[in-house]
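> Submitted below is the structure of interest, expressed as structure tokens.
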Amino acid sequence: MFPCACSALNWEPDEEGINGMVITKTLPSEAANVLEKGVRKMTPRIMTWGQYAEAAVNYIQTAAAQLSSGRLCTAPAPFQPDYTRCSDHFLLHAGGYAILRGIQKGLRLPAEQMLPSFASLRDFGNTSSASTWYTWSYIESTESVVKGQTVLQVGVGGGMKSGVAYWRALRDVRDIHPCWAHLGGKPLTEADLPRPISNEYKSIFDMPSTRTAAEQQQAIKATDAAPRVTYTDVDKAAAAAEVIRLHAEAVTSGDLDAVAAL
């Protein structure tokens, strides 16, 4: 759990005593922070032997540069593996465009590896960590998962906490799931998305390791100064009451599909 994460998303009464969800602008940056830490913890377990060798060379060069004060060699950039060599498919928490772009930048993933997660965001919105299962079913429906391939699944939960799972396929899978039947087995392209994902992108929601010290301070100041937003601030109390009424009517009538939709 991170110090600033507790108040990023919570449920509390407003000044009139009406309970509501409070969402602050620190939420995306806190999510990016915990995602990065979760992936970093998993990274040594999924790296290839070649990447271990590259990490060892990087460590030796860094140590030599420090001990010789730069006379023998200059210190290299901190080592980060090429994650496309660690995993064949990526299921990333589709919490929003900015969050996914921050993950993409932090893990240095190409657009084609990000497209399944953006497809889930486009067609089903922010379904929290459940979005990773929509992404998986998208891959099975449009690309297939081949026996022996690996899948990296990354999600975020309350706390904040991150969950990272690493899967290996035991058989070939190519099933068109009902939620992706409308695509007819054809994958989306970047042109099908509402916003580009292969261009240069910079945001205060980028993962911390991709920011300079000045950018990190700017992000902290921006998020600290941002006001909290509750549903009552935008006068949604009436809308909430209407949802409750419709839900009650659906339960009374036994319309389970309507209940699920609500």
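> Could you list, in sequence order, the residues of region 135-187 that are among the β-branched types (Val, Ile, Thr) and in a strand (DSSP E or B)?
Kept after step one, since they are among the β-branched types (Val, Ile, Thr), are these residues of region 135-187: 135, 139, 142, 145-146, 150-151, 154, 156, 164, 173, 176.
Answer for region 135-187, where residues must be among the β-branched types (Val, Ile, Thr) and in a strand (DSSP E or B): Val145, Thr150, Val151, Val154, Val156, Val164, Val173.
> Name the pairs whose Cβ atoms lie under 9 Å apart, with the first residue in region 111-125 and farther than 12 Å from Ile139 by Cβ, the second outside any helix (DSSP H, G or I) and charged (D, E, K, R), and 6 or more positions between them or separate chains?
Phe118/Arg195
> Among the candidates Thr135, Thr43, Thr84, Thr74, which residue alone is over 30 Å from Ala191 (Cα atoms) and open to solvent by less than 60 Å² (accessible area, probe 1.4 Å)? If you could, list the steps in order and put the result at the bottom.
Working: Thr135 fails: over 30 Å from Ala191 (Cα atoms); Thr84 fails: over 30 Å from Ala191 (Cα atoms); Thr74 fails: open to solvent by less than 60 Å² (accessible area, probe 1.4 Å).
That would be Thr43, the only listed residue that is over 30 Å from Ala191 (Cα atoms) and open to solvent by less than 60 Å² (accessible area, probe 1.4 Å).
> Among the residues of region 155-177 satisfying the criterion of being over 22 Å from the mean Cα position of the chain (by Cα) and of a type in the set (Val, Ile, Thr), which is most open to solvent (accessible area, probe 1.4 Å)?
Of the residues in region 155-177, the ones over 22 Å from the mean Cα position of the chain (by Cα) are 169-177.
Still in the list and also of a type in the set (Val, Ile, Thr): 173, 176.
On the way: Val173: 20, Ile176: 95 Å².
The extreme case among them is Ile176.
> State all residues of region 137-176 that are within 16 Å of Ile46 (Cβ to Cβ) and either of a type in the set (Ser, Thr, Tyr) or in contact (Cβ under 8 Å) with a residue 40 or more places away in the chain (or both); if no residue qualifies, say none.
Gln149, Thr150, Val151, Leu152, Gln153, Val154, Ser162, Gly163, Val164, Tyr166
> Let me ask something else about it. Tell me, which helices (runs of 4 or more DSSP H) wholly within region 1-88 include 2 or more residues that are at pLDDT below 90 and on the phi < 0 side of the Ramachandran plot? Write out each step before concluding.
Details: elements: 27-46, 49-67, 83-86.
Those helices (runs of 4 or more DSSP H) span 27-46, 49-67.
The values are calculated or read from the model by the stated rules, or taken from the named source; none is laboratory data. Here the structure is a predicted model, which is why all the values come from computation and not from measurement. All Cβ positions, even for glycine, are placed from backbone atoms using ideal geometry, and neighbour counts span all protein chains on display. Heavy atoms of the whole protein, side chains included, go into the accessibility calculation; ligands, DNA and RNA do not. Shrake-Rupley method; radii C 1.70, N 1.55, O 1.52, S 1.80 Å.
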